[in-house]
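Below is one structure, written out as structure tokens, with a few remarks after it.
The values are calculated or read from the model by the stated rules, or taken from the named source; none is laboratory data. Here the structure is a predicted model, which is why all the values come from computation and not from measurement. Neighbour counts are summed over all protein chains in view; Cβ atoms, including those assigned to glycine, are modelled from backbone coordinates with ideal geometry. The area values use the complete protein model at the heavy-atom level, side chains included, leaving out ligands, DNA and RNA. Shrake-Rupley method; radii C 1.70, N 1.55, O 1.52, S 1.80 Å.
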Amino acid sequence: MKESAVALRHHRRSNPDGYNNVQHKDSIVFNGISVVKTRLAETGKVSVAWFAADSSCSGRMWHLIRRLLVAVVFVVSLCAVTAHAEFVISNSAENAEIPPPIIVGGDRAYPPYEFIDKDGKPAGYNVELTKAIAEVMGMKVEFRFGGWSDMRTALRTRKIDILQGISYSDERAKSLDFSPPHTIVNHAIFARKEMRPVKTLEELRGKKVIVFRDGIMHERLKRMGYGEDLILTPTPAEALRLLASGQHDYAVVAMLPGMYLIRELHLSNLVPVSKAVVSEQYCYAVLKGNSEILSRFNEGLAILIKTGQYKEIYDRWLGVHEPPRITRELALRYGAMILAPLLAILIGTVVWSRTLHRRVEERTAELAQEVVERNRALEELRRHQDKLIQADKMASLGTLVSGVAHEINNPNGLLLLDIPILKRVHDDADEIFEDRFRDHGDFMLGGVPYSEMREEIPRILQEMQDGAQRIKRIVNDLKDFARRDDAGEMELIDLNATVQTALRLIDPTIRSSTKRFAVSYAEELPQVMGNAQRIEQVIVNLVLNACQALQSVDKGVTVTTGLDRERNLVVIQVRDEGVGIAEEHLHQLMDPFFTTKRETGGTGLGLSVSAGIVKEHGGTLRFESTPDIGTTVTLSLPVTQKRS
């Protein structure tokens, strides 16, 4: 303290003018110590002079005060850092946007799918399914229920965002986008017990039929020309009450809601006379173009199916016929927010801010990756679903072909049995016909002079027998092609014979597609190990693709078989003079569902399935194409090594 006073007096003596120009701004006193903040007038610099107010204060007091001042500076810095952190957090919270809830519309009187329960709350299968989708997708939804016609209008006027239960139709698809069906609704014809049963909608012509307004059956029957005979009601319940009271003839209502209402309303004089007259796909729907909301519901539905939660909801509401159990309380959707742990050590405002930004960026990247993975999983699910549907269609087609082949074989067998008898009869009668012709001259036989028929009858009988044999051969080929071969049994096969069988199956298509079809078979072609039926499927697919690529019947298709001795491969080439394939599409040809013929009904599964079959046989498919010139497809299979 004494050393400070001496330095001050020395400063005053050495700078009398500067000292006199000092202007006092602030003065603070701590236990007898005066702290004065001054500004030098000449230099503009800030200086702080400490004056001893009490020269008797000891050195210990001076050190205590200095430590106190250091603590004050540290507290002020800590407060500044904390204030900045709170500002960043509050600013982030203010900038976060809370998305508005999705408004979901539903019919107030369509149990057990959707209805208003006795507590005035939305309930039913659709409601529980929508809540589950909202939960897994982190969405907030709000239900608005009303009359069905009002809900249709509300969707058109955008008062609601999505309908959670609506049957699909081509007419509705012109203005709405539909999700994949989450269930199938079977519609039934209801009647009073004394009424004559009917089995189809066509049998309702001339009858008074009750349907509820703007429902799918209202639209279907209206298109069928029943407009004048339709009695419209606002709900299915009103339709069944009206029928039970003895008015009109029949009512067409969905089977499950109909049986539910008959039980709940005690309409004991009503029965379903046709329980599945029409089956409709029951979906979510939004206005055309609102694909964002629909894709989120599609994704949530796919997740529920994969996790098994969808099946639980379906079984609870639609899988049994007992009265539905209505939940009175809603489970809490969100847990309490977890507060971030207290900051232990603050390194500095800059470091903390950078760390926060880095964490936000990392989390954003993680969320983006999760969205990509979910979309990829949904796309994969759709692809598998389409593939299963196509496989089921092919299995059904195989069953149909087998049945048709059986029905054709029966009369064709009679032809094959009777034509040889007719030929023998003609041979026996030919001498008699010749004697009469020689003795009495020409005579009529079947309305034609015998002189003309004597050469024609053997030819006609022979052509009939050849045609019946060809029918038998084609039918047998179809049966072999359509036969299920789940085991994929391998055996030694002759590829020349396999190609001949495949070409017989599609001979009508070839003849209608081109006038220039050529096939060349290599002699003494070695056998390969494989499944003849599956190789036939590949060849049929390749030749059909070649025919479809032709722009006119003057363009040609060539099929050749050969042997690549260097690589020990049997080779089948299908070459066409069609439109060709763009270079950027060549590497996608064997991808599932890729097709350049979508508008003409192509599914994109033919080459994908063929590639899988060829891979199972250890072979390869190679494509070479030049646009507007043609395409060459080379199928290579390894020759079976002979065992010594």
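Against the test of being modelled with pLDDT of 80 or more, out of contact with any Gly (no Cβ under 7 Å at 6 or more places or on another chain) and either part of a loop (DSSP other than H, G, I, E, B) or open to solvent by 80 Å² or more (accessible area, probe 1.4 Å) (or both), the options Arg325, Arg333, Arg358 yield a single qualifying residue, Arg358.
Pairs linking a residue in the stretch 232-245 that is farther than 18 Å from Pro111 by Cα to a residue that is charged (D, E, K, R), with Cβ atoms under 6 Å and 6 or more positions apart or on different chains, are Leu232/Arg213.
Which one of Tyr310, Tyr260 is within 30 Å of Met137 (Cα to Cα), of a type in the set (Ser, Thr, Tyr), open to solvent by 20 Å² or more (accessible area, probe 1.4 Å) and more than 16 Å from the chain's Cα centre (by Cα)? After ruling out the rest, the residue left standing is Tyr310. Looking at the stretch 103-115, which of the residues that are part of a strand (DSSP E or B) and buried (at least 21 other Cβ atoms within 10 Å of the Cβ) is nearest to the chain's Cα centre (by Cα)? That would be Val104.
Residues considered: Pro234, Pro181. Of these, the only one that is in contact with a Gly (Cβ under 7 Å, 6 or more places away or on another chain), closer than 25 Å to Leu318 by Cβ and either at pLDDT 95 or above or surrounded by fewer than 19 Cβ atoms within 10 Å (Cβ to Cβ) (or both) is Pro234.
Each residue in the stretch 528-586 was checked for being in contact with a Leu (Cβ under 6 Å, 6 or more places away or on another chain) and part of a loop (DSSP other than H, G, I, E, B), and 1 of them qualify. Apart from one condition, Tyr521 fits all of (1) under 18 Å from Val633 (Cα atoms); (2) more than 39 Å from the chain's Cα centre (by Cα); (3) modelled with pLDDT under 90; the exception is (3).
Can you confirm whether the stretch 266-279 contains a residue that is free of Cβ contacts under 8 Å to residues at least 60 places away in the same chain, assigned to a helix (DSSP H, G or I), surrounded by fewer than 21 Cβ atoms within 10 Å (Cβ to Cβ) and not acidic (Asp, Glu)? The answer is no; no qualifying residue exists.
Just give me the residues in the stretch 545-556 being over 37 Å from the mean Cα position of the chain (by Cα) and open to solvent by less than 10 Å² (accessible area, probe 1.4 Å), in sequence order.
Pass one, the stretch 545-556, residues over 37 Å from the mean Cα position of the chain (by Cα): 553-556.
If the condition is that a residue be over 37 Å from the mean Cα position of the chain (by Cα) and open to solvent by less than 10 Å² (accessible area, probe 1.4 Å), then Gly556 is the only one that fits.
With the structure loaded, tell me whether Leu478 is in a helix (DSSP H, G or I), surrounded by 12 or more Cβ atoms within 10 Å (Cβ to Cβ) and at pLDDT below 80 or whether it fails that test.
On the way: in a helix (DSSP H, G or I): yes; surrounded by 12 or more Cβ atoms within 10 Å (Cβ to Cβ): yes; at pLDDT below 80: yes.
When the stated conditions are applied, Leu478 passes them.
Does at least one position in the stretch 195-209 carry a residue that is open to solvent by less than 10 Å² (accessible area, probe 1.4 Å), in contact with a strand residue (DSSP E or B) (Cβ under 9 Å, 6 or more places away or on another chain), of a type in the set (D, E, K, R) and not in a helix (DSSP H, G or I)? No, every residue in the stretch 195-209 fails to be open to solvent by less than 10 Å² (accessible area, probe 1.4 Å), in contact with a strand residue (DSSP E or B) (Cβ under 9 Å, 6 or more places away or on another chain), of a type in the set (D, E, K, R) and not in a helix (DSSP H, G or I). Please verify whether the stretch 116-131 includes one or more residues that are touching a strand residue (DSSP E or B) at 6+ places or on another chain (Cβ under 8 Å), assigned to a loop (DSSP other than H, G, I, E, B) and open to solvent by 10 Å² or more (accessible area, probe 1.4 Å). Yes, some residue in the stretch 116-131 is touching a strand residue (DSSP E or B) at 6+ places or on another chain (Cβ under 8 Å), assigned to a loop (DSSP other than H, G, I, E, B) and open to solvent by 10 Å² or more (accessible area, probe 1.4 Å).
Report yes if Arg172 is of a type in the set (Lys, Arg) and either crowded, with 22+ Cβ neighbours inside 10 Å or under 23 Å from the mean Cα position of the chain (by Cα) (or both), otherwise no.
Details: of a type in the set (Lys, Arg): yes; either crowded, with 22+ Cβ neighbours inside 10 Å or under 23 Å from the mean Cα position of the chain (by Cα) (or both): yes.
Considered against the rule, which asks whether it is of a type in the set (Lys, Arg) and either crowded, with 22+ Cβ neighbours inside 10 Å or under 23 Å from the mean Cα position of the chain (by Cα) (or both), Arg172 comes out as yes.
A search for C-beta distances below 8 Å between a residue of the stretch 503-524 that is within 17 Å of Lys555 (Cβ to Cβ) and any residue that is crowded, with 16+ Cβ neighbours inside 10 Å and of a type in the set (Lys, Arg), counting only pairs 6+ apart in sequence or on different chains, returns Thr514/Lys555; Arg516/Lys555.
Contact map, the stretch 292-316: residues that are in contact (Cβ under 8 Å) with a residue 24 or more places away in the chain and under 24 Å from Pro101 (Cβ atoms) paired with residues that are open to solvent by 20 Å² or more (accessible area, probe 1.4 Å) and of a type in the set (Asp, Glu), Cβ distance under 8 Å, separation 6+ or inter-chain. Pairs shown: Ile293/Asp161; Leu294/Asp177; Ile313/Glu128.
Residues that are closer than 19 Å to Arg192 by Cβ and touching an Asp or Glu at 6+ places or on another chain (Cβ under 9 Å) within the stretch 206-216 comprise Gly206, Lys207, Lys208, Val209, Ile210, Phe212, listed in sequence order.
Just to be sure I understand, how many residues within the stretch 147-156 are over 21 Å from Gly289 (Cβ atoms) and either at pLDDT 95 or above or of a type in the set (A, V, I, L, M, F, W, C) (or both)?
1
With respect to the conditions (1) modelled with pLDDT of 85 or more; (2) part of a loop (DSSP other than H, G, I, E, B); (3) within 30 Å of Glu407 (Cβ to Cβ), Glu489 falls short on a single one, namely (1).
Here is the figure for the stretch 280-293: residues that are under 17 Å from Asn126 (Cα atoms), hydrophobic (A, V, I, L, M, F, W, C) and either out of contact with any strand residue (DSSP E or B) (no Cβ under 6 Å at 6 or more places or on another chain) or modelled with pLDDT of 95 or more (or both) total 3.
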